Structures are given as C-alpha cells and as structure tokens.
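Just below is one structure, and these are the notes that go with it.
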Amino acid sequence: MPDLLIELFSEEIPARMQARAAEDLKARVTDGLVEAGLTYAHAAAFSTPRRLTLAVEGLLAASPAQREERKGPRADAPEKAIEGFLRGAGLTRDQLEERDTPKGKVLFAVIDKPGRAAEEIIAEVLEATIRNFPWPKSMRWGSGSLRWVRPLHSILCILTDETGARVVPMDVDGIPSGDTTEGHRFMSRGRFFVTSFEDYEAKLKRAFVVLNPGERAQHIWSDAENRAFAAGMELVEDGGLLNEVSGLVEWPVVLMGDIGADFLDLPPEVLQTSMREHQKFFSVKHRKTGRIEKFVTVANRETADNGATILAGNQKVLAARLSDAKFFWENDLRVAKSGLSAWTDALENVTFHNKLGSQGARIGRIAALARELAPLVGADPQAAEQAARFAKADLSSEMVYEFPELQGLMGRYYIEAAGHAAEVAAVAQEHYSPLGPSDDVPTAPLSVAVALADKLDTLTGFWAIDEKPTGSKDPFALRRAALGVIRLVLENGVKADLLSVFRKADLLHAAAAGDTGPRVDSYGPDLLSFLHDRLKVYLRDQGIRHDVIDACVAMEGNDDLALLVRRAEALEAVLKTEDGVNLLQGFKRANNILTQAEEKDGVEYSFGADRKFAREPSEIALFDALEQGEGAIRPALKAQDFPAAMAAMAALRGPIDAFFEAVKINDDNETIRRNRLNLLSQIRAICSSVADLSRIEG
C-alpha cells in the first residue's frame with residue numbers, strides 16, 4: 001500500500017489560521033479519498049508559516065471495482081418511465097435484465113464500476129480541495145482565478161511504495177505538481193527532491209525548517225525557560241502567545257534581552273500586555289520580587305553574531321513602545337490623584353446602548369442597586385455604592401483606551417492612587433468576574449455586591465427592551481451574565497429573592513427612561529426562567545439531573561437560587577437511595593390513580609380522608625405514617641432543612657408500599673373508595689410539599 005505526501009507551499013500564512021487550515025486539509029482530502037473508495041491507515045497534518053502538509057499512510061493503490069444493481073419499472077411500463085430509468089443508469093435498453101417477480105416481469109440494471117487508480121482520484125480530490133479551501137480570507141494574484149490565503153507557489157504530491165516515489169500528475173491554475181520543495185527562506189538554498197514523508201521531514205530539518213508546530217513550540221518554551229533559569233529569572237507562562245509565535249517561525253531561535261531601567265517600575269501587567277500585543281515578546285520576571293525585568297523574543301533565523309543585531313533592534317522598538325505605555329501611565333496617575341471625577345464625568349458622554357443610556361447613567365444604576373444588595377452579601381451599603389461609582393472609571397483612561405484588556409486591573413491601580421481603600425479598589429478588577437465557567441468568583445463582599453449589580457442591571461435592562469438571546473446569537477453576552485449571577489449567588493451563599501431584585505433594578509431603569517409603569521411584571525418571569533435554564537446547564541456539570549431541578553423549580557420560592565439548589569441537592573441525594581426510588585414509584589402510582597379517578601368522576605379528591613372509614617391494618621398504618629411524616633416535613637421545610645424533609649418523605653416508602661399491596665383502591669363501597677382516594681390525595685399533597693415529584697422521569 002502506497003503512502004501519500006502533499007505539501008502546499010505559499011507565501012506566509014497568518015499564524016492564527018495555520019492550525020485550522022492543517023485540519024481542514026486533512027479532513028477534506030481524506031474524506032474525498034474515502035468517498036471515492038480509497039481507504040487509508042493513518043493521516044497527519046502539519047503547518048509552518050509557508051506550508052501546509054498532509055501525510056497519509058497505507059492508502060489503497062486503486063479503488064475497488066463495484067457492481068451496483070438497480071431495480072427499475074415493470075417490463076410493460078410506459079416507454080417514458082423506462083427511458084427515465086435508462087438515463088439514470090447510463091445504460092441502453094438491451095443492457096437491462098428482465099426478471100420474474102411476484103408483480104410480473106421487472107427490469108433490472110446491473111452496473112459494473114471498474115476501480116480507479118489512486119493517482120487519478122488523488123488529483124481530483126486535491127484540486128477540488130485547493131480550489132474550494134475554506135480560508136477565512138483569501139486573495140487572487142497575477143492573472144489567474146485561483147484564490148489562496150497568500151500566493152501559492154508549488155504543489156508537492158507524491159505516492160511512495162516499495163518501487164519508489166512517483167509524482168501524482170495534476171495542474172491547478174498553472175501550478176503543476178512535483179516532488180520538490182524549499183527549505184528556510186534565508187538559511188537554505190534552492191529546491192530539493194523528496195521521496196517519502198520521512199525523507200521530506202529530515203531534509204526540511206537540514207534546510208532549517210521544523211515541520212511539526214508542536215515541536216517548534218516545545219523548543220521555544222524549553223529554550224526560553226532554560227535561558228530565564230540561567231539568569232536567575234522565571235518565564236511568565238503564556239500558552240496563547242506560544243502557539244502564535246510557533247506559527248511565525250520555521251526555525252525558532254530564542255533570544256533574551258533586557259528591559260530599559262526607565263520602564264521597570266511600570267505595572268507588570270502593562271509591561272506584559274505591551275510586549276505581548278505589540279512585539280510578541282514573552283515576559284521574564286524576577287523569581288523573588290515578581291518584577292518583569294527581561295523579555296524573550298523568537299527570531300526566525302540564526303545569525304553570525306548570535307542574534308545581537310536582532311536583539312538590539314528589538315530593544316530599540318520595545319523602548320519606543322514602552323515609552324508610550326509610560327506616558328499613558330504617568331498621565332493617568334496624575335488624573336487619578338486629582339480625583340476620579342474627570343473620568344466618571346466623561347462616561348456621561350459615552351453611549352452604553354441607545355435604548356439604555358450612557359455609561360454614566362448605567363454606573364449610577366449599578367451604584368444604587370449595589371447599595372440595595374449590600375446587606376444581602378454582608379457589605380457596607382455606602383462603601384458598595386462608592387465602589388460601584390469608581391469601578392468603571394478607568395474606561396476613560398489612556399491606558400485602557402490603548403489596551404482594553406486591562407480594564408478593571410488598571411482601575412484597581414488608579415483607585416488606590418486616588419487614596420481609596422484597597423477593598424474599594426479591588427472592586428474595579430473583580431466586579432467583571434466571573435467571565436466564564438472556569439473563571440474565579442469574587443468573594444469579597446463589596447466585589448460581590450457590585451458584580452451582582454452590574455450583571456443584574458445588564459439582564460433587566462436588555463429584557464426590558466426585549467433584546468434577548470435567540471438561538472446561537474447573544475451579542476450582549478447575556479448568557480454569560482446569567483451564569484455570572486448564578487455562580488456569584490451559589491458560591492457565596494447569597495440568599496436573595498431575585499424577582500424582588502429585578503423589581504428594584506427595573507425601577508432604576510424606568511426612572512432613567514421616564515417610565516413609571518410596572519415593566520418587570522411583563523418580563524420578570526421570563527428572565528427568571530432564563531436563569532433557571534442556565535442553572536440547569538451549570539448543575540448538570542455537577543451531576544444534578546435536569547428533571548430534579550424541574551421538580552424544585554416548580555416549588556414556591558424558586559427565585560431564591562441558593563434555596564432552590566439546596567432543595568435540588570437534597571432531592572438528588574434521596575433519589576439515589578432505595579427508599580427514594582421506591583417512594584417515587586409509590587407517589588407516581590398514587591398520582592396516576594388519583595388523576596384518572598378525578599377525571600372520571602369530575603371532582604377533586606382533596607378534602608381529607610377520615611380514619612373511621614379505614615378497614616385494613618395497612619390503611620390505618622398509612623394514616624399514622626402520613627400524620628407523622630407531615631409533622632416532620634412541615635417544620636423541616638420551614639427551617640429550610642431539605643435533607644431532613646426529604647428523609648421524612650422517604651420514610652413514607654414502606655407504609656405506602658404496604659398500602660398498595662394490601663388495599664383495593666376502587667372498593668365496591670363508594671364511601672370507602674372515596675376515602676381511599678382522599679388518602680391518595682394526602683400522599684400527593686405531602687410529597688408535593690417537598691418537591692413536584694410528578695416532574696421526575698422514570
């Protein structure tokens with residue numbers, strides 16, 4: 001079985017596109033080969049800045065011959081029907097077979113498809129792949145019609161077996177296939193022949209090209225760590241930058257340089273962000289102080305002076321970039337130390353949303369709501385309001401304008417510089433969190449109050465103007481805001497009636513809009529349902545079934561998420577026990593019998609059973625058990641002790657089982673029948689006071 005090697009050699013491919021492009025090449029070519037009948041054993045794709053490579057092992061030398069049989073119309077069918085069948089089969093009338101069937105003589109077409117050589121199939125599949133490649137952006141060049149991310153220079157396409165290597169002949173827009181490639185743009189000379197993937201990879205390395213992006217990344221990281229360690233320093237981890245830089249070089253050469261002394265007092269986050277965004281430099285910090293003092297850059301070639309000239313040029317450009325950052329930092333500090341009002345006032349002229357007013361108006365709402373929420377999270381209301389008013393001030397700063405990803409973090413520096421307490425300054429950085437399911441959740445009371453106010457203002461505001469997520473579209477990140485509310489509430493044990501909080505937030509929105517109507521009544525339940533849906537996703541990852549959550553959402557007080565989750569956790573636990581499973585079956589049996597009887601009789605059996613009509617010992621025992629169970633469940637629910645309530649409910653399993661085993665519900669005596677149905681109603685009412693078990697599946 002031959003092996004296939006493909007290389008598409010071009011001008012530099014943007015680093016962000018390389019990994020996806022390699023996978024697309026692999027998927028499109030292998031899918032096309034398999035669809036044409038060429039199976040294979042293994043395939044692997046690689047990328048460098050100037051090439052996409054695919055290696056396929058164990059490919060069939062030819063597609064297998066196939067015989068296809070098609071059933072057609074009856075032999076005496078109208079001529080037009082037969083002609084249509086002939087066109088579809090690509091045969092003539094004399095090539096059809098007539099066969100006797102229970103429905104008479106029927107025409108059959110037997111189509112033999114001979115196998116095709118691998119070269120023929122590969123050429124078709126590869127040309128189609130190249131011409132229809134899904135680049136995010138592509139271009140044309142010269143007078144040709146081909147589009148590629150950058151001008152495509154050559155196509156290497158060879159099959160290798162025990163007899164040697166042979167070129168798969170093809171031509172795409174004037175670019176013929178061949179068996180040669182090029183090495184490094186500057187460190188190698190001329191094209192060279194290759195005969196197999198192993199030969200190709202080895203010759204590329206001798207021509208100063210590391211084909212595997214994972215190998216390039218590993219080399220960069222190891223060499224950078226070693227250089228930092230030798231200098232008594234530590235490399236700042238940055239996986240995203242590592243992946244990007246490994247896509248910028250074919251022959252990585254790691255160099256470490258110094259940051260000018262004038263810039264060492266800049267916040268480390270500013271240094272790291274500036275070097276990463278502008279220069280693609282890694283940061284190197286002092287092991288003890290954590291101060292960033294050096295940088296690592298990755299060159300794409302070796303030089304006679306061991307990179308001295310490259311480093312000198314990089315340090316010169318870096319100094320210019322950091323001079324800008326230092327200017328922003330010093331200007332911002334001057335503004336901060338004179339008070340933050342200049343920045344907060346400027347936000348009055350920045351639109352948040354055309355229907356929700358300015359950023360300044362939004363900050364006012366968040367501050368007022370944070371004051372209301374503060375007692376719920378153990379924060380001082382006045383401090384919460386103050387922290388909220390400063391939390392977004394840095395949006396007006398020059399540093400955040402240059403580096404938006406530093407919002408919040410710079411606010412923390414500036415608020416402290418303005419002379420405010422550290423816990424107030426921390427709110428600026430922490431109130432944006434959590435940004436996702438793995439992000440840390442703030443725990444400081446002030447930060448929790450402002451973070452909740454921020455997210456609840458967003459949710460109520462967009463619900464009020466009917467801008468809700470639809471399908472996969474969520475332009476205002478409202479699902480993320482909802483998950484943030486859920487995690488803030490649950491992970492901090494916040495007890496809050498959300499419908500009441502929605503009302504307070506809506507009043508602030510309505511006042512700003514000059515609307516005094518009770519808008520929250522029209523959207524509050526829908527917003528709460530949205531939070532419940534996000535809660536299901538969140539709890540599912542923690543092992544709580546969606547039907548268990550549904551059973552608890554159906555209960556009163558479902559806008560207290562912490563209460564809701566505690567109930568769900570207790571129900572989930574009891575349903576994992578034998579008593580819980582059997583009680584559920586008993587409840588469902590009671591509920592089904594009762595529902596059918598109520599529909600049949602047209603009455604509701606909820607007036608209470610009378611012990612004096614009990615006839616069987618198990619019936620009397622159930623009366624006692626229900627009385628005892630209700631006596632235990634009611635105070636447990638009042639104390640919100642859901643495990644105790646669930647345990648008392650599960651204890652009813654035995655008496656209910658015994659009752660169903662010994663007693664005929666639909667007794668011939670109508671009085672006894674009605675009494676027993678009312679007893680079933682008591683079972684349903686007592687169990688339903690804990691959770692809506694009718695929503696539990698199975």
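General observations
- Selection status of residue 602, farther than 12 Å from residue 679 by Cα and either in contact (Cβ under 8 Å) with a residue 12 or more places away in the chain or of a type in the set (A, V, I, L, M) (or both): no
- Selection count where residues are aromatic (Phe, Trp, Tyr) and farther than 19 Å from residue 403 by Cβ, scope segment 318-352: 1
- Selection from segment 236-280 of residues that are closer than 17 Å to residue 290 by Cβ, crowded, with 20+ Cβ neighbours inside 10 Å and touching a strand residue (DSSP E or B) at 6+ places or on another chain (Cβ under 7 Å): 236, 259, 271, 272, 275
- Counted as qualifying within segment 105-195 are the strands (runs of 3 or more DSSP E) with 2 or more residues that are over 18 Å from residue 211 (Cβ atoms), namely 152-161, 164-167, 175-178.
- Per-region count, segment 1-39, residues in a loop (DSSP other than H, G, I, E, B), surrounded by fewer than 18 Cβ atoms within 10 Å (Cβ to Cβ) and either over 25 Å from the mean Cα position of the chain (by Cα) or charged (D, E, K, R) (or both): 6
- Lone unmet requirement of (1) surrounded by 20 or more Cβ atoms within 10 Å (Cβ to Cβ); (2) assigned by TED's automatic domain parsing to the domain that holds residue 57; (3) in contact with a helix residue (DSSP H, G or I) (Cβ under 8 Å, 6 or more places away or on another chain) for residue 220: (2)
- Where helices (runs of 4 or more DSSP H) fall wholly inside segment 363-466, the ranges with 2 or more residues that are crowded, with 24+ Cβ neighbours inside 10 Å and either of a type in the set (Phe, Trp, Tyr) or touching a residue at least 12 places away in the same chain (Cβ under 8 Å) (or both) are 381-391, 409-417, 422-430, 445-464.
- Yes/no for residue 118 being of a type outside the set (Ser, Thr, Tyr), modelled with pLDDT under 95 and surrounded by 15 or more Cβ atoms within 10 Å (Cβ to Cβ): yes
- Lone unmet requirement of (1) surrounded by fewer than 16 Cβ atoms within 10 Å (Cβ to Cβ); (2) within 30 Å of residue 133 (Cβ to Cβ); (3) not basic (Lys, Arg) for residue 53: (1)
- Test for residue 648: is it surrounded by fewer than 17 Cβ atoms within 10 Å (Cβ to Cβ) and either closer than 14 Å to residue 598 by Cα or in contact (Cβ under 8 Å) with a residue 12 or more places away in the chain (or both): no
- All positions within segment 59-74 that are assigned to a loop (DSSP other than H, G, I, E, B) and modelled with pLDDT under 85: 65
- Elements of type helices (runs of 4 or more DSSP H) contained in segment 473-568, each with 2 or more residues being within 26 Å of the chain's Cα centre (by Cα) and either of a type in the set (Ser, Thr, Tyr) or crowded, with 20+ Cβ neighbours inside 10 Å (or both): 478-491, 520-540, 546-553
- Some residue of segment 588-607 being outside any helix (DSSP H, G or I) and crowded, with 19+ Cβ neighbours inside 10 Å: yes
- Here residue 162 meets the list (1) in contact with a helix residue (DSSP H, G or I) (Cβ under 7 Å, 6 or more places away or on another chain); (2) modelled with pLDDT under 95 almost entirely, failing just condition (1).
- Yes/no for residue 86 being surrounded by fewer than 20 Cβ atoms within 10 Å (Cβ to Cβ), in a loop (DSSP other than H, G, I, E, B) and free of Cβ contacts under 8 Å to residues at least 24 places away in the same chain: no
- First in segment 470-491 and assigned by TED's automatic domain parsing to the domain that holds residue 451, second anywhere and of a type in the set (S, T, N, Q), Cβ under 8 Å, 6 or more apart: 476/458; 478/458; 481/458; 484/433; 491/443
- Identity of the residue in segment 434-461, of a type in the set (Asp, Glu) and modelled with pLDDT of 95 or more, that ends up farthest from the chain's Cα centre (by Cα): 457
- The condition (being within 45 Å of the chain's Cα centre (by Cα), within 23 Å of residue 545 (Cα to Cα) and touching a residue at least 24 places away in the same chain (Cβ under 8 Å)) is satisfied by just one residue among 641, 692: 692.
- For segment 614-626, residues that are part of a helix (DSSP H, G or I) and surrounded by 16 or more Cβ atoms within 10 Å (Cβ to Cβ) total 7.
The values are calculated or read from the model by the stated rules, or taken from the named source; none is laboratory data. Since this is a predicted model, take the numbers as computed values, not measurements. Methodologically, a virtual Cβ is constructed for each residue, glycine included, from the backbone with ideal geometry; neighbour enumeration extends over all protein chains shown.
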